[in-house]
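Some notes on the structure that comes next.
The values are calculated or read from the model by the stated rules, or taken from the named source; none is laboratory data. This one's a predicted model, so the numbers in the text were calculated from it and none came from an experiment. Methodologically, a virtual Cβ is constructed for each residue, glycine included, from the backbone with ideal geometry; neighbour enumeration extends over all protein chains shown.
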Amino acid sequence: MQREIVTIPPNFLRVLNVDWDIDWRGQSVGDATSGSSATVYNSFPRWVGSPKVSLVRDEITQWRAIRAQAQGRVGIYRMEMVDPLGFIAPDVNPNGVSFSGGGLFNGGSGFAYTPICRAVNPAGAGATEIRLDVAGEAAPVVGQIMSHDDWPFVVVWASLVSGNVYDVGIQMPLRADIAVNDLINLRGVGRFEAVDESAGNPAYDRRRVSSIQLSFREVLSR
């Protein structure tokens, strides 16, 4: 069955808490008589998160439509992994990025701001170190979530090479090959499915404000 990918617009969800984490999928096999313990890792690790989100007025109906489009656990949510302590964006016009001359589209909107950098060297699946050129953007931050082709990873160390070029250590290891000049999202983007079909139902009262608890796990099949 082909699963539809439903993209959640950037900056749509006003996240109240952030708890993105890597589930390494370890399973305990119990304690030995010596007192030592053992854990078996026999499944691919994946990202999980349960963000709490605030929605107001038209956002509620927009989210209702997005959720219906996903059809419970059938569809895949493609979404930015909101993290206010990771990548720190520069001051950007809330209406979007303008043309080089400062102009906007008719109606006052600009281009969507998507912070990216480029891979300097190729890197194969399984790599735990990549070299990036972040020209025009902020330097990598330890703990920052980035992604390549919607495969997220977290920065565990960063070292300046020269100019705007950094060597960056990452976990989890790359899940897909990176070629020279491939784009890297400085704000991680991933593909997720709902853990619970009923999660995220936008109930609201007369104030037309809804606080929802979501529950996502990364989709590993492509």
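Note on region 147-222: enclosed strands (runs of 3 or more DSSP E) holding 2 or more residues that are closer than 17 Å to G75 by Cβ and in contact with a strand residue (DSSP E or B) (Cβ under 9 Å, 6 or more places away or on another chain) are 189-194, 216-218. Of all positions in region 111-129, at least one carries a residue that is at positive phi, assigned to a loop (DSSP other than H, G, I, E, B) and at pLDDT 95 or above. Within region 199-222, being of a type outside the set (K, R) and either farther than 17 Å from V48 by Cα or in contact with a Pro (Cβ under 7 Å, 6 or more places away or on another chain) (or both) holds for N201, P202, A203, Y204, D205, V209, S210, S211, I212, L214.
Here A135 meets each of (1) without any contact (Cβ under 8 Å) to a residue 60 or more places away in the chain; (2) closer than 28 Å to I76 by Cα; (3) assigned to a loop (DSSP other than H, G, I, E, B) with one exception, condition (2).
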